[in-house]
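Report on one structure; see the data block that follows.
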Amino acid sequence: MRIDSAAEFTDYWRGVRKRTTRVIEQIREEDLEWTYAPSRWSIGDIVRHLAGIERDMYAENVSGRPARYPGHDRQLADGLAAVRAYHDRKHEESLAIFSQLTAEQLAGKCQTPAGTPITTWKWLRAMVEHEAHHRGQLYLLLGMRGVKVPQIFGLTEEEVKARSGH
């Protein structure tokens, strides 16, 4: 998928993030800092990471600035309400930046934190893949906690199979 306009991308990105937010809305306070093993990221760590990486790495990089990613620690946002607010605030800040990108900027190059030049629209596409990866982790971790999570596109696998005549 090539990205040619800021409006096209921000509309698409809002939809991607909306699907992630629907999962985040299912997190219970008692599950927020749960992790399946010592030294592994908690559910809250993943949400804080998604918020920080979107705003402080991707949005900075596509603006021609170096990343300023703060990590995913509880000091950034502690407690369910604070984590959700942090996630929402960072997303709105990012959308404001993404919406200002010109066609020339999208077609031009930005630099990754590793110092690698990359076409800006391809870096934004990588952000979408990164989001999907961590959304999958949230689905798995919440499922391990017995939390009912929304279907990503409305149907379960069983419903798709039944509608397929099998």
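Among the residues of this structure, ALA37 does not count as one that is part of a helix (DSSP H, G or I) and either in contact with a helix residue (DSSP H, G or I) (Cβ under 8 Å, 6 or more places away or on another chain) or surrounded by fewer than 16 Cβ atoms within 10 Å (Cβ to Cβ) (or both). Exactly one residue among LEU155, LEU106, LEU140, LEU101 is more than 13 Å from the chain's Cα centre (by Cα) and at pLDDT below 95, and that residue is LEU155.
Applying the criterion of being more than 26 Å from GLY44 (Cβ to Cβ) and of a type in the set (A, V, I, L, M) to the residues of the range 108-166, the residue that is surrounded by the most Cβ atoms within 10 Å (Cβ to Cβ) is ILE118.
Here is a yes/no grid of residues against (1) surrounded by fewer than 21 Cβ atoms within 10 Å (Cβ to Cβ); (2) among the small types (Gly, Ala, Ser); (3) in contact (Cβ under 8 Å) with a residue 24 or more places away in the chain:
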{"position": "ILE53", "(1), (2), (3)": "no, no, yes"}
{"position": "ALA67", "(1), (2), (3)": "yes, yes, yes"}
{"position": "GLN75", "(1), (2), (3)": "yes, no, no"}
{"position": "VAL83", "(1), (2), (3)": "no, no, yes"}
{"position": "PHE98", "(1), (2), (3)": "no, no, yes"}
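Taken over the range 78-125, the criterion of being part of a helix (DSSP H, G or I) and in contact with a Phe, Trp or Tyr (Cβ under 8 Å, 6 or more places away or on another chain) is satisfied by SER94, LEU95, PHE98, LEU106, ALA107, TRP121, TRP123, LEU124.
The values are calculated or read from the model by the stated rules, or taken from the named source; none is laboratory data. It should be emphasised that the depicted structure is a prediction, and the values quoted were computed from it without experimental measurement. Because the Cβ atoms are built from the backbone with ideal geometry, glycine has one as well, and the counts that use them run over all protein chains shown.
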